[in-house]
1. How about segment 1-35: which of its residues are farther than 19 Å from P151 by Cα and either within 14 Å of the ligand (Cβ to nearest atom) or surrounded by fewer than 20 Cβ atoms within 10 Å (Cβ to Cβ) (or both)?
2. Given the conditions (1) under 26 Å from R97 (Cα atoms); (2) surrounded by fewer than 20 Cβ atoms within 10 Å (Cβ to Cβ), which single one is not true for A134?
3. Starting from segment 22-37, keep only residues that are hydroxyl-bearing (S, T, Y), then list their pairs with residues that are at pLDDT 95 or above whose Cβ atoms are within a distance under 6 Å, requiring at least 6 positions of separation or different chains.
4. Looking only at strands (runs of 3 or more DSSP E) that fall completely inside segment 132-195, which ones have 2 or more residues that are of a type outside the set (V, I, T) and under 30 Å from R307 (Cβ atoms)?
5. List the helices (runs of 4 or more DSSP H) that sit entirely inside segment 202-294 and contain at least 3 residues that are among the hydrophobic types (A, V, I, L, M, F, W, C) and over 19 Å from L166 (Cα atoms).
6. Within segment 137-157, restricting attention to residues that are charged (D, E, K, R) and within 11 Å of the ligand (Cβ to nearest atom), which residue is surrounded by the most Cβ atoms within 10 Å (Cβ to Cβ)?
7. Here's a check for you: in segment 220-234, which residue that is away from the ligand (no atom under 11 Å from the Cβ) and out of contact with any strand residue (DSSP E or B) (no Cβ under 7 Å at 6 or more places or on another chain) is most open to solvent (accessible area, probe 1.4 Å)?
8. Scan (1) surrounded by fewer than 24 Cβ atoms within 10 Å (Cβ to Cβ); (2) assigned to a strand (DSSP E or B); (3) within 16 Å of the ligand (Cβ to nearest atom); (4) not hydrophobic (A, V, I, L, M, F, W, C) for the single condition R73 breaks and write down its number.
Amino acid sequence: MLTARAPGRVNLIGEHTDTSGGLVLPIAIDRYVTLQAMPTRDGVTRLVSETFSGVVEVSPSGELEWGSAPWGRYVAAVIRELRLLGVTPAGLEGRIRSDVPAGAGLSSSAALEVAVATALVAACGVQLDGRELALACQRAEHDAVGVPCGPMDQLISVLGVEGHGLRIDCSTLAVETIPIPGGVGVLVLESGVERRLEESPYALRLAELRAGHEGRLRHVRTENARVDELCAVLRQPIPDRATIGELFRASHLSLARDFEVSTPEVDTLVALAVEEGAFAARLTGAGFGGCVVALGSSEGLDALGQRTMGRYRAATGLAGRAHVCRAAGGARCSVSPAAVG
Ligand code: GLA
């Protein structure tokens, strides 16, 4: 049996820069999509998931069979993209589960694509470069739901390094590991404002950038500079928390004012996290709802998250949730003789 597991991600800084070949600094998080499956003889892929709910069946050529659950679009698109790379995936029969919160801005769809691709490639014994696999998954996302996303989510899900963020130059795909300082914890705060990127102005923002919209371009220009400033601070033996906080603050303001992807709820959540003791907080991911990334001392981070969410619920009436996350390694696949459970 194959067990493939791919992490979700949270971006520390460098938001809405990957679509124009800019800089990003995400971490893979210790929340995963896990696929356990056996290769099939007929080349058909049949997957069941309690987390995503439903059953998915995809033909060897990558067509989604009638009656399949909506998440099957991602599976089918991954199979088609692998075929275009000359990889003829064996079929897989098994189960998928996930503890990456869906619709929260933690890249559950990228983790799904990468888990499926990692398992399919392992099942047919092909070696595929990690970047190539990630870019195939990015194209699968475009194909499955029509969101013109950049390469960040899939790259970090494949290439993540434990205890580190990755500075990725999205024009060259050059990657550099950046240590997360000891004693610093990463808190993800879900706003409870769910959104689907295909129904958001995500594609519109990209079109505005391409059309030379000054405010949008200013965000990308200043955000790229902030990525390198943050990397420089994090490379110091004792990174200065006040400077990190200032960079997060500037990033959030730029996303809210110049790029216009924040919401009043997310602004409230950022302010509350800082009031409750986070030394840095900002919108992370695509925005339009989604979640906030906050940094604080590892000790007491859980309590900080609970206090923040308590006040957030009282202020907005939205549920939201807090997650303490660790910087995890990228996707892996292992093979064991056990039967599918
Ligand atoms: C989504 C996209 C990414 C990136 C972020 C914003 O997560 O999938 O490619 O553009 O939004 O930084």
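1. M1, T3, D30, T34 - these are the residues of segment 1-35 that are farther than 19 Å from P151 by Cα and either within 14 Å of the ligand (Cβ to nearest atom) or surrounded by fewer than 20 Cβ atoms within 10 Å (Cβ to Cβ) (or both).
2. With respect to (1) under 26 Å from R97 (Cα atoms); (2) surrounded by fewer than 20 Cβ atoms within 10 Å (Cβ to Cβ), A134 is out only on (2).
3. Here the result reads Y32/R5; Y32/P7; T34/R5; T34/R97, each pair linking segment 22-37 to a residue that is at pLDDT 95 or above.
4. 164-169, 184-190
5. 202-210, 241-257, 264-275
6. D153
7. R221
8. Here R73 meets the rest and fails (2).
The values are calculated or read from the model by the stated rules, or taken from the named source; none is laboratory data. These numbers were taken from a predicted model, which means no experiment stands behind them. As a convention, Cβ positions derive from the backbone with ideal geometry for all residues, glycine included, and neighbour counts pool all protein chains shown. Only protein heavy atoms, including side chains, enter the accessible area calculation; ligands, DNA and RNA are left aside. Shrake-Rupley method; radii C 1.70, N 1.55, O 1.52, S 1.80 Å.
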